[in-house]
Amino acid sequence: MPVTETLRPDEAGLSRAADLLRAGELVAFPTETVYGLGGDARSDLAVARIYEAKGRPRFNPLIVHLPDVDAARVLGDFDQRAERLALAFWPGPLTLVLPLRPDTGLSPYVTAELPTVALRVPAHPVASALLRAFGGPLAAPSANPSGRVSPTRAAHVIEGLDGRIAGVVDGGACAVGVESTIIGLDGPAVLLRPGGVPAEAIEAVLGHPLQQGGSTVKPTAPGQLASHYAPGAAVRLTASRPEPGEVWIGFGPGCEDADLSLSATGDLVEAAANLFHLLREADRLAGPDGRIAIAPIPEAGLGRAINDRLRRAAAPRP
Ligand code: TXA
Ligand code: MG
(Lines give C-alpha, C1' and ligand atoms only; values in the text may rest on other atoms or scores of the structure.)
(Ligands and ions follow the chains in the order given, each with its own letter.)
Protein backbone atom coordinates (compact mmCIF):
# COMPACT_ATOMS: atom_id res chain seq x y z
CA MET A 1 0.00 0.00 0.00
CA PRO A 2 1.94 3.04 -1.25
CA VAL A 3 0.26 6.07 0.33
CA THR A 4 -2.10 6.72 3.18
CA GLU A 5 -4.77 9.24 2.14
CA THR A 6 -5.43 12.08 4.56
CA LEU A 7 -9.16 12.83 4.33
CA ARG A 8 -11.09 15.88 5.43
CA PRO A 9 -13.96 15.42 7.88
CA ASP A 10 -16.46 16.76 5.33
CA GLU A 11 -19.05 14.95 3.22
CA ALA A 12 -16.63 14.07 0.42
CA GLY A 13 -13.93 12.88 2.82
CA LEU A 14 -16.34 10.77 4.88
CA SER A 15 -17.90 9.27 1.77
CA ARG A 16 -14.41 8.28 0.54
CA ALA A 17 -13.61 6.84 3.98
CA ALA A 18 -16.85 4.82 3.98
CA ASP A 19 -16.07 3.47 0.49
CA LEU A 20 -12.60 2.35 1.61
CA LEU A 21 -14.09 0.66 4.68
CA ARG A 22 -16.70 -1.12 2.55
CA ALA A 23 -13.84 -2.42 0.40
CA GLY A 24 -12.31 -3.99 3.52
CA GLU A 25 -9.59 -1.34 3.85
CA LEU A 26 -8.53 0.37 7.08
CA VAL A 27 -9.26 4.02 7.86
CA ALA A 28 -8.17 5.79 11.04
CA PHE A 29 -10.65 8.29 12.47
CA PRO A 30 -10.88 10.67 15.43
CA THR A 31 -12.89 9.82 18.53
CA GLU A 32 -13.16 11.98 21.64
CA THR A 33 -10.60 9.72 23.36
CA VAL A 34 -7.88 8.81 20.80
CA TYR A 35 -7.75 8.08 17.07
CA GLY A 36 -9.14 4.64 16.25
CA LEU A 37 -7.93 2.31 13.49
CA GLY A 38 -11.25 1.40 11.90
CA GLY A 39 -12.13 -1.71 9.95
CA ASP A 40 -15.42 -3.48 9.15
CA ALA A 41 -16.15 -5.55 12.28
CA ARG A 42 -18.03 -8.12 10.13
CA SER A 43 -15.08 -8.81 7.84
CA ASP A 44 -12.44 -11.36 8.85
CA LEU A 45 -10.09 -9.82 6.31
CA ALA A 46 -10.50 -6.25 7.57
CA VAL A 47 -10.01 -7.33 11.19
CA ALA A 48 -6.96 -9.39 10.29
CA ARG A 49 -5.56 -6.30 8.56
CA ILE A 50 -5.98 -4.33 11.79
CA TYR A 51 -3.77 -6.79 13.67
CA GLU A 52 -1.26 -6.77 10.84
CA ALA A 53 -1.11 -2.97 10.54
CA LYS A 54 -0.58 -2.57 14.29
CA GLY A 55 1.93 -5.40 14.45
CA ARG A 56 -0.03 -6.88 17.34
CA PRO A 57 1.70 -9.98 18.63
CA ARG A 58 -1.52 -11.95 18.97
CA PHE A 59 -5.26 -11.66 18.53
CA ASN A 60 -6.89 -9.68 21.30
CA PRO A 61 -10.54 -8.72 21.35
CA LEU A 62 -11.30 -5.30 19.86
CA ILE A 63 -13.86 -2.66 20.75
CA VAL A 64 -16.82 -2.45 18.34
CA HIS A 65 -17.96 1.13 17.63
CA LEU A 66 -21.61 1.92 16.90
CA PRO A 67 -23.54 5.09 16.05
CA ASP A 68 -26.14 4.65 18.82
CA VAL A 69 -27.44 2.39 21.56
CA ASP A 70 -30.01 0.76 19.26
CA ALA A 71 -27.23 -0.55 17.03
CA ALA A 72 -25.35 -1.72 20.16
CA ARG A 73 -28.36 -3.68 21.45
CA VAL A 74 -28.29 -5.80 18.29
CA LEU A 75 -24.81 -7.09 19.25
CA GLY A 76 -24.80 -7.30 23.05
CA ASP A 77 -27.26 -8.38 25.75
CA PHE A 78 -28.15 -5.25 27.72
CA ASP A 79 -29.31 -5.83 31.29
CA GLN A 80 -30.61 -2.99 33.49
CA ARG A 81 -27.10 -1.98 34.55
CA ALA A 82 -25.98 -1.72 30.92
CA GLU A 83 -29.07 0.31 30.01
CA ARG A 84 -28.44 2.76 32.85
CA LEU A 85 -24.76 3.19 32.02
CA ALA A 86 -25.51 3.63 28.31
CA LEU A 87 -28.17 6.22 29.11
CA ALA A 88 -25.82 8.11 31.43
CA PHE A 89 -22.59 8.02 29.41
CA TRP A 90 -23.30 7.31 25.72
CA PRO A 91 -22.30 8.78 23.42
CA GLY A 92 -19.02 9.08 25.33
CA PRO A 93 -15.77 7.50 26.52
CA LEU A 94 -17.28 4.34 28.03
CA THR A 95 -16.97 0.76 26.71
CA LEU A 96 -19.31 -1.98 27.96
CA VAL A 97 -18.30 -5.65 27.80
CA LEU A 98 -21.57 -7.59 27.48
CA PRO A 99 -22.68 -11.12 26.61
CA LEU A 100 -22.51 -11.53 22.82
CA ARG A 101 -25.86 -12.12 21.17
CA PRO A 102 -26.19 -15.03 18.71
CA ASP A 103 -25.87 -14.55 14.94
CA THR A 104 -24.57 -10.98 14.99
CA GLY A 105 -22.47 -11.41 11.88
CA LEU A 106 -19.40 -10.06 13.72
CA SER A 107 -16.08 -11.55 12.72
CA PRO A 108 -14.92 -14.03 15.38
CA TYR A 109 -11.57 -12.21 15.26
CA VAL A 110 -13.22 -9.14 16.81
CA THR A 111 -14.27 -11.02 19.94
CA ALA A 112 -11.29 -13.40 19.87
CA GLU A 113 -14.00 -16.05 20.12
CA LEU A 114 -14.99 -14.94 23.63
CA PRO A 115 -18.68 -15.18 24.59
CA THR A 116 -18.64 -11.42 25.22
CA VAL A 117 -18.29 -8.28 23.09
CA ALA A 118 -16.92 -4.81 23.89
CA LEU A 119 -19.24 -2.03 22.66
CA ARG A 120 -18.84 1.72 22.52
CA VAL A 121 -20.81 4.66 21.10
CA PRO A 122 -18.25 7.45 20.60
CA ALA A 123 -19.19 11.11 21.07
CA HIS A 124 -16.92 12.69 18.45
CA PRO A 125 -19.09 14.18 15.66
CA VAL A 126 -16.69 12.89 12.97
CA ALA A 127 -16.79 9.37 14.41
CA SER A 128 -20.61 9.46 14.51
CA ALA A 129 -20.80 10.79 10.95
CA LEU A 130 -18.40 8.12 9.69
CA LEU A 131 -20.31 5.32 11.45
CA ARG A 132 -23.53 6.54 9.83
CA ALA A 133 -21.93 6.93 6.39
CA PHE A 134 -20.44 3.43 6.65
CA GLY A 135 -23.65 1.97 8.00
CA GLY A 136 -22.14 -0.88 10.04
CA PRO A 137 -20.08 -1.70 13.13
CA LEU A 138 -16.44 -0.64 13.12
CA ALA A 139 -13.75 -2.48 15.06
CA ALA A 140 -11.25 0.14 16.18
CA PRO A 141 -8.27 -0.20 18.47
CA SER A 142 -6.10 2.85 18.97
CA ALA A 143 -4.39 3.75 15.68
CA ASN A 144 -0.78 3.17 16.73
CA PRO A 145 1.76 0.39 16.26
CA SER A 146 1.38 -2.15 19.08
CA GLY A 147 3.03 -1.08 22.34
CA ARG A 148 3.50 2.56 21.37
CA VAL A 149 1.79 5.70 22.63
CA SER A 150 -1.82 6.17 21.43
CA PRO A 151 -2.44 8.88 18.78
CA THR A 152 -4.44 11.99 19.64
CA ARG A 153 -3.83 13.78 16.32
CA ALA A 154 -3.91 12.71 12.67
CA ALA A 155 -0.18 13.47 12.42
CA HIS A 156 0.50 10.90 15.18
CA VAL A 157 -1.37 8.28 13.14
CA ILE A 158 0.70 9.05 10.06
CA GLU A 159 3.90 8.94 12.13
CA GLY A 160 3.17 5.36 13.17
CA LEU A 161 1.14 3.84 10.32
CA ASP A 162 1.91 5.75 7.09
CA GLY A 163 1.74 3.38 4.12
CA ARG A 164 0.23 0.62 6.28
CA ILE A 165 -3.40 1.84 6.17
CA ALA A 166 -5.60 3.22 3.39
CA GLY A 167 -6.59 6.51 5.03
CA VAL A 168 -6.93 8.76 8.03
CA VAL A 169 -9.74 11.25 8.58
CA ASP A 170 -8.20 14.39 10.09
CA GLY A 171 -10.50 15.70 12.81
CA GLY A 172 -7.93 17.67 14.81
CA ALA A 173 -6.83 16.94 18.37
CA CYS A 174 -8.83 14.55 20.60
CA ALA A 175 -10.55 16.29 23.53
CA VAL A 176 -10.39 13.54 26.18
CA GLY A 177 -6.95 12.17 25.35
CA VAL A 178 -7.06 8.82 27.19
CA GLU A 179 -8.95 5.73 26.01
CA SER A 180 -12.45 4.82 27.12
CA THR A 181 -13.20 3.34 30.51
CA ILE A 182 -13.98 -0.39 30.08
CA ILE A 183 -16.62 -1.95 32.35
CA GLY A 184 -17.27 -5.70 32.32
CA LEU A 185 -20.93 -6.59 32.87
CA ASP A 186 -21.01 -10.33 32.15
CA GLY A 187 -20.95 -10.85 35.95
CA PRO A 188 -20.51 -8.43 38.84
CA ALA A 189 -19.64 -5.00 37.40
CA VAL A 190 -15.87 -4.78 37.10
CA LEU A 191 -13.50 -1.99 36.07
CA LEU A 192 -11.39 -3.59 33.31
CA ARG A 193 -9.58 -0.39 32.30
CA PRO A 194 -9.72 3.08 33.87
CA GLY A 195 -10.34 5.72 31.21
CA GLY A 196 -12.21 8.80 30.09
CA VAL A 197 -15.22 8.35 32.38
CA PRO A 198 -14.05 8.45 36.02
CA ALA A 199 -14.84 5.20 37.87
CA GLU A 200 -16.47 7.28 40.63
CA ALA A 201 -19.07 8.57 38.13
CA ILE A 202 -19.91 5.02 37.05
CA GLU A 203 -20.22 3.86 40.67
CA ALA A 204 -22.60 6.76 41.33
CA VAL A 205 -24.92 5.60 38.52
CA LEU A 206 -24.72 1.91 39.51
CA GLY A 207 -25.19 2.75 43.20
CA HIS A 208 -22.36 0.45 44.33
CA PRO A 209 -18.58 0.14 44.03
CA LEU A 210 -17.01 -1.54 41.00
CA GLN A 211 -14.90 -4.62 41.38
CA GLN A 212 -11.32 -3.82 40.45
CA GLY A 213 -10.42 -6.03 37.48
CA GLY A 214 -7.35 -4.40 35.98
CA SER A 215 -4.47 -6.78 35.69
CA THR A 216 -5.90 -9.38 38.10
CA VAL A 217 -8.40 -10.72 35.54
CA LYS A 218 -7.01 -12.59 32.57
CA PRO A 219 -4.88 -10.08 30.70
CA THR A 220 -6.56 -10.45 27.32
CA ALA A 221 -6.02 -6.80 26.52
CA PRO A 222 -2.83 -5.15 25.40
CA GLY A 223 -4.10 -2.36 27.63
CA GLN A 224 -3.67 -4.80 30.51
CA LEU A 225 -0.09 -5.79 29.73
CA ALA A 226 2.42 -4.27 32.17
CA SER A 227 4.54 -2.43 29.60
CA HIS A 228 2.36 -0.55 27.14
CA TYR A 229 1.95 3.00 25.92
CA ALA A 230 5.74 3.14 25.97
CA PRO A 231 7.80 6.06 24.67
CA GLY A 232 11.37 5.31 23.55
CA ALA A 233 12.92 7.05 26.57
CA ALA A 234 13.03 5.63 30.11
CA VAL A 235 10.28 7.05 32.32
CA ARG A 236 10.45 7.96 36.05
CA LEU A 237 7.20 8.69 37.89
CA THR A 238 6.21 10.95 40.83
CA ALA A 239 9.23 13.14 40.21
CA SER A 240 8.77 16.39 42.12
CA ARG A 241 12.15 17.54 40.74
CA PRO A 242 14.07 16.41 37.65
CA GLU A 243 17.49 14.83 37.92
CA PRO A 244 20.26 16.14 35.66
CA GLY A 245 19.67 15.06 32.06
CA GLU A 246 15.99 14.26 32.52
CA VAL A 247 13.22 15.91 30.50
CA TRP A 248 10.71 16.92 33.17
CA ILE A 249 6.96 16.90 32.56
CA GLY A 250 5.22 19.00 35.20
CA PHE A 251 1.68 19.01 36.57
CA GLY A 252 0.13 21.87 38.50
CA PRO A 253 1.70 24.78 40.37
CA GLY A 254 5.29 24.31 41.57
CA CYS A 255 6.47 22.95 38.22
CA GLU A 256 6.97 26.31 36.53
CA ASP A 257 10.47 25.41 35.33
CA ALA A 258 9.41 22.05 33.85
CA ASP A 259 10.28 21.43 30.18
CA LEU A 260 6.61 20.60 29.46
CA SER A 261 3.44 20.81 31.54
CA LEU A 262 0.40 18.51 31.50
CA SER A 263 -1.60 21.33 33.08
CA ALA A 264 -0.15 24.46 34.70
CA THR A 265 -3.24 24.82 36.90
CA GLY A 266 -3.43 21.14 37.92
CA ASP A 267 -6.56 20.42 35.83
CA LEU A 268 -6.86 16.64 35.31
CA VAL A 269 -9.11 16.96 32.25
CA GLU A 270 -6.54 19.18 30.54
CA ALA A 271 -3.76 16.79 31.63
CA ALA A 272 -5.51 13.77 30.09
CA ALA A 273 -6.02 15.62 26.82
CA ASN A 274 -2.30 16.56 26.71
CA LEU A 275 -0.86 13.25 27.96
CA PHE A 276 0.00 11.26 24.84
CA HIS A 277 1.07 14.31 22.83
CA LEU A 278 3.45 15.45 25.59
CA LEU A 279 4.90 11.95 26.00
CA ARG A 280 5.81 12.12 22.31
CA GLU A 281 7.23 15.63 22.69
CA ALA A 282 9.28 14.59 25.73
CA ASP A 283 10.56 11.55 23.83
CA ARG A 284 11.76 13.83 21.04
CA LEU A 285 13.42 16.25 23.46
CA ALA A 286 15.07 13.41 25.39
CA GLY A 287 16.61 11.85 22.26
CA PRO A 288 18.11 8.36 21.99
CA ASP A 289 18.68 6.71 25.39
CA GLY A 290 17.00 9.73 26.96
CA ARG A 291 15.15 9.91 30.26
CA ILE A 292 11.78 11.44 31.12
CA ALA A 293 10.61 12.39 34.64
CA ILE A 294 6.96 13.10 35.41
CA ALA A 295 5.51 15.07 38.31
CA PRO A 296 3.06 13.35 40.70
CA ILE A 297 -0.57 13.13 39.51
CA PRO A 298 -3.38 12.72 42.08
CA GLU A 299 -5.03 9.26 42.04
CA ALA A 300 -8.65 10.42 41.64
CA GLY A 301 -11.08 10.99 38.79
CA LEU A 302 -9.24 11.11 35.46
CA GLY A 303 -5.98 10.93 37.45
CA ARG A 304 -6.57 7.17 37.78
CA ALA A 305 -6.58 6.73 34.00
CA ILE A 306 -3.55 9.01 33.61
CA ASN A 307 -1.56 7.16 36.30
CA ASP A 308 -2.55 3.80 34.79
CA ARG A 309 -1.08 4.85 31.41
CA LEU A 310 2.00 6.38 33.07
CA ARG A 311 2.74 3.21 35.08
CA ARG A 312 2.68 1.24 31.83
CA ALA A 313 4.91 3.81 30.12
CA ALA A 314 7.39 3.41 33.01
CA ALA A 315 7.22 -0.40 33.33
CA PRO A 316 10.25 -2.53 32.44
CA ARG A 317 10.23 -3.25 28.70
CA PRO A 318 9.85 -6.81 27.46
O1 TXA B 1 -11.06 4.93 23.63
C2 TXA B 1 -11.01 3.78 23.17
O3 TXA B 1 -11.55 2.81 23.72
C4 TXA B 1 -10.24 3.58 21.85
C5 TXA B 1 -10.97 4.39 20.79
C6 TXA B 1 -10.36 4.21 19.43
O7 TXA B 1 -12.33 4.06 20.78
N8 TXA B 1 -10.14 2.20 21.52
C9 TXA B 1 -9.33 1.34 22.18
O10 TXA B 1 -9.35 0.05 21.68
O11 TXA B 1 -8.66 1.66 23.15
P12 TXA B 1 -8.24 -1.05 22.00
O13 TXA B 1 -8.47 -2.15 21.02
O14 TXA B 1 -6.89 -0.44 22.04
O15 TXA B 1 -8.60 -1.58 23.40
C16 TXA B 1 -9.48 -2.67 23.48
C17 TXA B 1 -9.55 -3.15 24.89
C18 TXA B 1 -8.51 -4.18 25.11
O19 TXA B 1 -7.83 -3.87 26.31
C20 TXA B 1 -9.33 -5.46 25.22
O21 TXA B 1 -8.79 -6.38 26.09
C22 TXA B 1 -10.65 -4.96 25.74
O23 TXA B 1 -10.83 -3.74 25.09
N24 TXA B 1 -11.71 -5.88 25.31
C25 TXA B 1 -12.27 -5.96 24.11
N26 TXA B 1 -13.18 -6.95 24.08
C27 TXA B 1 -13.18 -7.49 25.31
C28 TXA B 1 -13.90 -8.56 25.91
N29 TXA B 1 -14.80 -9.26 25.24
N30 TXA B 1 -13.63 -8.84 27.20
C31 TXA B 1 -12.70 -8.12 27.89
N32 TXA B 1 -12.00 -7.11 27.38
C33 TXA B 1 -12.23 -6.80 26.10
MG1 MG C 1 -4.26 0.92 22.36
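Points to keep in mind about this one:
- All positions within the range 240-262 that are assigned to a loop (DSSP other than H, G, I, E, B) and surrounded by fewer than 20 Cβ atoms within 10 Å (Cβ to Cβ): S240, R241, E243, P244, G245, G252, P253, G254, E256, D257, D259
- Any chance I165 is open to solvent by less than 20 Å² (accessible area, probe 1.4 Å), assigned to a strand (DSSP E or B) and not basic (K, R): no
- Hits in the range 25-46 (condition: within 11 Å of ligand 1 (Cβ to nearest atom) and not in a strand (DSSP E or B)): T31, E32, T33, V34
- All of V47, V3 fail the test of being in contact with a helix residue (DSSP H, G or I) (Cβ under 8 Å, 6 or more places away or on another chain), modelled with pLDDT under 95 and of a type in the set (V, I, T), apart from V47.
- Boolean, A282 is modelled with pLDDT of 95 or more and either outside the structural domain of H156 (by TED's automatic domain parsing) or open to solvent by less than 10 Å² (accessible area, probe 1.4 Å) (or both): yes
- Residues in the range 210-239 that are modelled with pLDDT of 95 or more, assigned to a loop (DSSP other than H, G, I, E, B) and open to solvent by 40 Å² or more (accessible area, probe 1.4 Å): L237, T238.
- Scanning the range 96-142 for residues that are out of contact with any Gly (no Cβ under 6 Å at 6 or more places or on another chain), hydrophobic (A, V, I, L, M, F, W, C) and part of a loop (DSSP other than H, G, I, E, B) yields a total of 4.
- Checking each residue in the range 168-190 for being open to solvent by less than 10 Å² (accessible area, probe 1.4 Å), under 21 Å from R84 (Cα atoms) and among the hydrophobic types (A, V, I, L, M, F, W, C) picks out I183, L185, A189.
- Odd one out for L119, checked against (1) in contact (Cβ under 8 Å) with a residue 60 or more places away in the chain; (2) surrounded by 23 or more Cβ atoms within 10 Å (Cβ to Cβ): (1)
- Residues being among the β-branched types (V, I, T) and within 7 Å of ligand 1 (Cβ to nearest atom) - total across the range 171-197: 1
- Qualifying position, being of a type in the set (D, E) and open to solvent by 50 Å² or more (accessible area, probe 1.4 Å), among D289, D308: D289
- In a residue-by-residue description of the range 1-11, the property of being touching a Cys at 6+ places or on another chain (Cβ under 8 Å) and assigned to a strand (DSSP E or B) applies to no position.
- R153 vs. criteria modelled with pLDDT of 95 or more and away from ligand 2 (no atom under 16 Å from the Cβ): no
- If you go through the range 29-67 and keep only what is more than 17 Å from the chain's Cα centre (by Cα) and within 14 Å of ligand 2 (Cβ to nearest atom), you end up with just P57.
- Against the criterion of being surrounded by fewer than 23 Cβ atoms within 10 Å (Cβ to Cβ) and touching a helix residue (DSSP H, G or I) at 6+ places or on another chain (Cβ under 7 Å), P198 qualifies.
- Some residue of the range 110-119 being at pLDDT below 95, among the charged types (D, E, K, R) and either within 15 Å of ligand 2 (Cβ to nearest atom) or in the same structural domain as G36 (by TED's automatic domain parsing) (or both): yes
- Residue in the range 84-95 that is within 30 Å of A12 (Cβ to Cβ), in a helix (DSSP H, G or I) and within 13 Å of ligand 1 (Cβ to nearest atom) present: no
The values are calculated or read from the model by the stated rules, or taken from the named source; none is laboratory data. Source: prediction; values computed, not measured. Here the Cβ is made from the backbone with ideal geometry for all residues, glycine too, and neighbour counts use every protein chain on show. These area figures cover heavy atoms from the full protein model, side chains too; ligands, DNA and RNA do not enter into them. Shrake-Rupley method; radii C 1.70, N 1.55, O 1.52, S 1.80 Å.
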